[in-house]
Amino acid sequence: MNRRNHPQATEIAESGKHPEFEHFLADLSAKFVALSPEQVNDEIQSALEECLNFFGIDRLALLRLLPDRKNFIVTHNADVSGISPYPADAILSTSIAPWGAKKLIDGEMFSFARPEELPPDADVDKQALEMFQIRSGTYFPIAALRSSEYSFGISSLDYNRDCPREHIPRLRLLGELIVNALERSKAELALRESEERLDLAASAAEAGLWIMDKSQGIVWATQKFRELFQFDPGEKLDFDRFLATVHSDDREEVRKHVRQSLEKRKALKIDYRIARPDGSLRWISSSGNMSPVGSGLPERLMGVSIDVTERRQMEIELRERLEEIEHLKLRLEKENLYLREEIKVDKGFEKIVGKSNAHDYVLFKIKQVAPTDATVLILGETGTGKGMAAHAIHEMSARKDRPMITVDCASLPANLIESELFGREKGAFTGAYAKQVGRFEAAHGGTIFLDEIGEMPLELQAKLLRALQEGQLERLGSPRTIKVDVRVIAATSRDLKAEVRNKRFREDLFYRINVFPISIPPLRMRRDDIPLLVRHFVDKYGRKMGRKYETIPKSTMEVLQGQLWPGNVRELEHVIERAVITSSGPVLRLADWPEIEALEAGEEPLKGLRAVEREHILRALEETHWKIDGKDGAASLLGLHPSTLRFRLKKLDIKRP
């Protein structure tokens, strides 16, 4: 810091206006409260250097009167650059400046703009000021809570000036903060030392005391130490005999720590294992210090050793319990994540709308299997309501108070399905920056719904089979086996028997999930349910959009019942949602749906199901400019999953022109 290169510092100092200094004191006071004793000195030094800039002064020193009351020690000092600083812990005799020293010892302040202003009986002080090249200064004692031994000395070496009176209260307050922090630090260090002595004394009752001679390596030990290591009562001990009892895996580490203590006088603190004659292992904690320098005794390492085997075992048990707690925490977080996703889905038996015989038969099958823990395979085309049936089974089961976790096997990338299902450890693969609980673990005690299981890669099916058969799995990157208790509900729109024949689905996995199959009929086979479904969707989206439709024309309903609905209930729902958006007034109209317009016009002859489906998909593709994904894609328009639509394109040999 060089105030001489910044003349504005003097102008600021002379003005006596320091609104920022009050903020500085407040911050410093807060810092001192939180600092450890080891940090206090550095913070004081920083504060003094900051004050040089605030007040435009050359030197600011903190002095402490020693107990002999004949000397001051410079505990802290800050100087601008270009001035020779006081040496660290410099001792200043009161005889150097007896007049000023007496003033400070008597608790009085003194200040001078030039040495000539001092009284005649301060001639010795004037000589000292000339020797130290001090041209003006202000010195005052600091009356802190715990000490009156400290004083501040402010010196200017390059020009004469009066110290503004406004500075004194601020600097006095700064001094009080600093002295109180120093005294508090001293008290804390004394308390810490006392506590360490008390801890050593308290542990000595169950500890083995020992002393090792540095030059000869001979070890003196108490009977308790010999009992810990099972040495004979009269056996001569040295360092090599002691090392022979240390476990071979820990021996070199113990040797290194003891050598460092002996050669560098460092405190010894180490835990290690010893092997007893009966083959048992015990954990020992040893700590010690070198004998004080100048004690007149040979250099020796003195310490205590304690059996900490039980503590170590408790630490291991605690670590295992903490890992278990962390595991449960991760699982609960995962459950909450999945449950938040499931809130968006209408679930429960009451949401399955219909009155047809086919609909009632599905409900009958659900009621049969729901109270059991049997694995269920739900079969049906896309959009028939397989997920809703799975929710109904879960809600009517004994597991309804636990989560139902859904896994869409068709939407997950092949390289992520395994980690999503079974979890992963941190670093299991590139990009695995954190541990992740798998969905099987998150579903423990509840239900896991494997939607579109037919899309699962063949190489992953074996691992899934083991989880289903044995209730066991391993996270990616972990050899640890985890047991899970889950009920499995699977669903598919594929013909799994054909997939088995074509070697795309494991036969053993098929038989494992095909315990209780439920077939959801397509909408074209339950046309009697269409009026109820239409009214349900009209009310649902009407409430969302603040609209009410009193009339659904009979002709509209007949058109809807006359469709083949390859997208099933989902496609019908999307059609009704668009109709609610586009219809004005109390009457629901479907005039904007191209497929309905064509059928109403009677322009198309009766065709086979495959041909109708092919044409239906082609029209959707043309309308969306052959875009498949996204809200404005053909899959969304048809109410199909994009992967399902791509599968149908391949089956129907539809290619982009």
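Each reported figure results from applying straightforward, stated rules to the coordinates on display, with no laboratory input. Just so it is clear, the structure is predicted and the values come from calculations on it, not from any experiment. Glycine also receives a Cβ, built like all others from the backbone with ideal geometry; neighbour counts cover every protein chain displayed.
Once label points are set 7 Å from the Cα along Cα→Cβ at both R527 and I270, what is their separation, rounded to one decimal in nm?
Each label point lies 7 Å from its Cα, and together they span 9.0 nm.
Filter K400/K548; K463/K503; K355/K386 down to the pairs with a C-alpha to C-alpha distance above 23 Å, please. All intermediate terms of the calculation are to be shown ahead of the outcome.
Values: K400/K548 35 Å; K463/K503 17 Å; K355/K386 17 Å.
K400/K548, as the Cα separations exceed 23 Å there.
How much length, in nm to one decimal, is gained on full extension between L476 and D508, taken as 0.36 nm per residue of separation minus their Cα-Cα distance? Don't skip to the end; give the middle numbers.
Working: separation 32, 0.36 × 32 = 11.52 nm, distance 2.36 nm.
Extending this stretch completely gives an extra 9.2 nm.
In percent, what relative contact order does the chain have, based on Cα pairs under 8 Å that are 6 or more apart in sequence?
Numbers: 990 pairs, mean separation 50.0, N = 657.
Worked out over the chain, it gives 8 percent.
May I ask for log10 I(q)/I(0) of region 21-188 at q = 0.09, 0.10, 0.21 Å⁻¹, from a Debye sum over the Cα atoms as equal point scatterers with solvent left out?
-0.28, -0.35, -1.65
Along the Cα→Cβ direction, 7 angstrom out, place labels at E299 and R172. What is the inter-label distance in nm?
With each label point 7 Å from Cα toward Cβ, the separation is 5.3 nm.
Count the lysine pairs in region 21-188 whose Cα atoms lie under 18 Å apart, taking only pairs 8 or more positions apart in sequence or on different chains.
Details: K31/K186; K70/K102; K70/K103; K102/K126; K103/K126.
For region 21-188, the number of qualifying lysine pairs is 5.
Can you compute the modelled spin-label distance between D632 and E252, with each label point 7 Å from Cα toward Cβ, in nm?
Spacing of the two 7 Å Cα→Cβ label points: 6.9 nm.
For E183 and Q45, what is the calculated FRET efficiency with R₀ set at 25 Å and r taken between the beta-carbons, to the nearest 0.05? Could the numbers behind the result be given before it?
Numbers: r = 17 Å, r/R0 = 0.69.
So, using R0 = 25 Å, E works out to roughly 0.90.
Using just the alpha carbons, could you tell me how many Å³ per residue the convex hull of region 524-582 encloses?
74 Å³
Work out, in µm²/s and without decimals, the Stokes-Einstein translational diffusion coefficient of region 14-110 at 4 °C, 1.567 mPa s, Rh from Kirkwood over C-alpha pairs.
Details: Rh = 15.4 Å.
Once the numbers are plugged in, D ends up at 84 µm²/s.
Which value, in nm² and rounded to one decimal, describes the direction-averaged projected area of the C-alpha convex hull of region 447-497?
Values: hull surface 16.2 nm².
So the mean shadow area of the Cα hull is 4.1 nm².
On average over all directions, what projected area in square nanometres does region 206-313 have, based on the convex hull of its Cα atoms? It would help to have the intermediate numbers written out before the result.
Details: hull surface 27.7 nm².
Projected over every direction and averaged, the Cα hull of region 206-313 covers 6.9 nm².
Efficiency by 1/(1 + (r/R0)^6): what FRET value for A398 and V515, r their Cβ-Cβ distance, R0 = 22 Å, to the nearest 0.05? Write down the numbers at each step before the final one.
Details: r = 17 Å, r/R0 = 0.78.
Computed FRET efficiency for A398 and V515 comes out at 0.80.
Residue separation times 0.36 nm, minus the C-alpha to C-alpha distance between L25 and E558: what's the value?
My answer for the length gained is 183.4 nm.
After finding the eigenvalues of the alpha carbon gyration tensor for the chain, what semi-axes result from the square roots of 5 times each, listed largest first in whole Å?
Values: eigenvalues 1424, 377, 78 Å².
Value: 84, 43, 20 Å, ordered largest first.
Between I96 and E263, what's the calculated FRET efficiency when r is the beta-carbon distance and R0 is 56 Å? Round to 0.05.
Once the sixth-power term is evaluated, E becomes 0.85.
What is the total of Lys pairs in region 206-313 with C-alpha atoms under 21 Å apart, excluding same-chain pairs fewer than 8 positions apart?
Counting lysine pairs in region 206-313 gives 10.
Could you give the Stokes-Einstein D for region 609-652 in µm² per second, using the C-alpha Kirkwood radius, 10 °C, 1.306 mPa s? The partial results should precede the final answer.
Values: Rh = 10.1 Å.
Translational diffusion coefficient: 157 µm²/s.
Taking K651 as the anchor, which aspartates and glutamates have their alpha carbon closer than 15 Å to its alpha carbon, excluding any fewer than eight residues away along the same chain?
List returned: E381, D495, E499, E613, E615.
Taking 2.2 N^0.38 Å as the expected size of a compact globular protein, what ratio does the Cα radius of gyration of region 359-513 give against it, to two decimals? Before the final figure, lay out each step's value.
Numbers: Rg = 15.6 Å, N = 155, 2.2 N^0.38 = 15.0 Å.
Here the Cα radius of gyration is 1.04 times the empirical estimate.
In deg cm²/dmol, rounded to 500, what helix-only [θ] at 222 nm does the chain give when every DSSP H run of at least 4 residues adds -39500 (n - 2.57) and the total is split over its residues? Intermediate results must be reported in sequence, preceding the final value.
Values: 24 runs with 300 residues, N = 657.
So the calculated ellipticity at 222 nm is -14500 deg cm²/dmol.
Give, in nm to one decimal, the length gained when the segment between L652 and W220 is fully stretched (0.36 nm per residue of separation minus the Cα-Cα distance).
Values: separation 432, 0.36 × 432 = 155.52 nm, distance 9.27 nm.
Contour length minus the Cα-Cα distance gives 146.3 nm.
Going 7 Å from the Cα of L243 toward and past its Cβ, which residues in region 267-287 have a backbone nitrogen under 12 Å from where you end up?
Answer for region 267-287: none.
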